[in-house]
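S.K.: Take a look at the following structure, please.
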Amino acid sequence: MANVTRGTALFKFAELVSSLGGEDAAALMRAHGVDPEAAGDYERFISYPAVTAVIGAAAQELDCPDFGMRLGRRQGIEILGPVAVIIRHSATVADAIEGVTRYLHNCAPADVTELRREPRAAVFTFAITVRQLPHRDQMVEKSLCTSMAALRLMLGDDFVPLRVTMQHRRISPPETYREMFGCPVEFGCELNSVHLPNHVLGRPIRGRDAAALTLAENYLAQVRPDRAFADHVREMTHKLLVVNQASLVAIARAMALHPRVVQRRLAEAGTSFEEILDDVRRTMAGRLAATGMQAQQIATMLGYSEQSSYARACRRWYGESPRQLAARRLATEVSV
């Protein structure tokens, strides 16, 4: 389930592309398998590799090596959804960072953070668990900019870390990093990290709302990204079934994932593509039957090559024939 992230990962992407002279951000997203309508939508999941490919492609096409950092600065912490509430309303800076570490998987299962308390400094680390990720450097820099936005929200706009380290080689001029972080930035290091003084960890967060924190924690404790992924597959299955293209391969292609990855993610959610397709067909059959549509037409719309296949499925779903189902649903509609 680590290969997807929330649609907010591309929040304000089109706006930034336009500001840099780009003409068609939507086409750039579609070229890498990302639905432009999903960009900025917290409720939608999109392929993590596709997101990094889109950001990297924009950086290259627009000759803007710091595109990831610019995007992170524009986005701020709002892309984190309920996790942003944890940052705003925790009791202390340490509590907020630990809350991010605990709940960040709700936004992007592949993103992993940790707070290390060392003698000389507190070290906030960031890592991406997806292997063979295109333009990983752009995503790391974007994410560290989001981290800086969170730290400056808690510690003040003038906060400057002790140092920043990144695992990749430098991809922008040194002054670009100095402007963003305000401190020395080192490359080719063991970790992606932000170092801050230990004493700031205990600093209270001003204007916090304990009730808002409790609500956010209760919500995040119940959220299961694997179920959200299954719901997204269900939504796409319904859309593609309408145009008679609801196959596992088509769904995987639309999500820029390998079919095996989709199946594995669904298994983690306790379901499968076959079960989702069957349930979507069952729901659609009931709705279509209520319109008076002929059984043969319904069978075709549900993707069955033979009417007999629909008839067998109908008896399995509802315990009645397509004609009986239609009669019952029509009678229900009339009575209503």
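A short reminder: the numbers here are calculations on the coordinates, not readings from a lab. Model, not experiment: these values are computed from the prediction. All Cβ positions, even for glycine, are placed from backbone atoms using ideal geometry, and neighbour counts span all protein chains on display.
S.K.: Once you put a point 7 Å from the Cα of R315 and another 7 Å from the Cα of T291, both along the Cβ direction, what distance in nm separates them?
M.R.: The answer from the label model is 2.6 nm.
S.K.: Shifting gears a bit: Run the helix sum for the chain: -39,500 (n - 2.57) per DSSP H stretch of 4+ residues, divided by residue count, reported at 222 nm to the nearest 500 deg cm²/dmol. Mind showing how you got there, number by number?
M.R.: Numbers: 16 runs with 182 residues, N = 336.
Counting only the DSSP helices, I get -16500 deg cm²/dmol.
S.K.: Can you give the FRET efficiency to the nearest 0.05 for D278 and E43, using r as the Cβ-Cβ distance and R₀ = 35 Å?
M.R.: Details: r = 24 Å, r/R0 = 0.69.
About 0.90, to the nearest 0.05.
S.K.: What number, in percent, do you get for the relative contact order of the chain if the mean sequence gap of Cα pairs under 8 Å and at least 6 apart is divided by its residue count?
M.R.: Working: 513 pairs, mean separation 54.3, N = 336.
Result for the chain is 16 percent.
S.K.: If we sort 137-143, 54-60 on the protection proxy, mean other Cβ atoms within 10 Å, highest first, what's the order?
M.R.: Ranking, from highest mean packing down: 137-143, 54-60.
S.K.: Continuing with this model, one more query. Beyond 33 Å, what share of the Cα-Cα pairs of the chain is found? Please give it as a whole percent. Each step should come with its number before you reach the end.
M.R.: Working: 21796 of 56280 pairs.
In whole percent, the long-distance tail amounts to 39.
S.K.: Give the shape of the stretch 233-291 as rounded, prolate or oblate, defined through the alpha-carbon gyration tensor: a ≥ b ≥ c are the square roots of its eigenvalues, a/c under 1.5 means rounded, and otherwise the shape is prolate if a/b is larger than b/c and oblate if not. Walk me through the numbers on the way to the answer.
M.R.: Values: a/c = 3.35, a/b = 1.67, b/c = 2.00.
The shape class here is oblate.
S.K.: How far is helix 259-268 tilted off the main Cα axis of the chain, in degrees rounded to 10, range 0 to 90?
M.R.: 90
S.K.: Once you put a point 7 Å from the Cα of R323 and another 7 Å from the Cα of N218, both along the Cβ direction, what distance in nm separates them?
M.R.: 5.4
S.K.: Quick check on the stretch 124-212: of the DSSP beta bridges with both residues there, what percent are antiparallel, nearest 5%? Can you show the working numbers first?
M.R.: Numbers: 6 of 8 bridges.
Roughly 75 percent of the DSSP beta bridges within the stretch 124-212 come out antiparallel.
S.K.: Return the tail of the calculated pair distribution for the stretch 1-145, meaning the percent of Cα-Cα pairs more than 28 Å apart.
M.R.: Numbers: 1869 of 10440 pairs.
Everything past 28 Å amounts to 18 percent.
S.K.: Here is a follow-up. Label points 7 Å out from Cα along the Cβ direction at E186 and L20: separation in nm?
M.R.: In this crude label model, E186 to L20 measures out at 2.9 nm.
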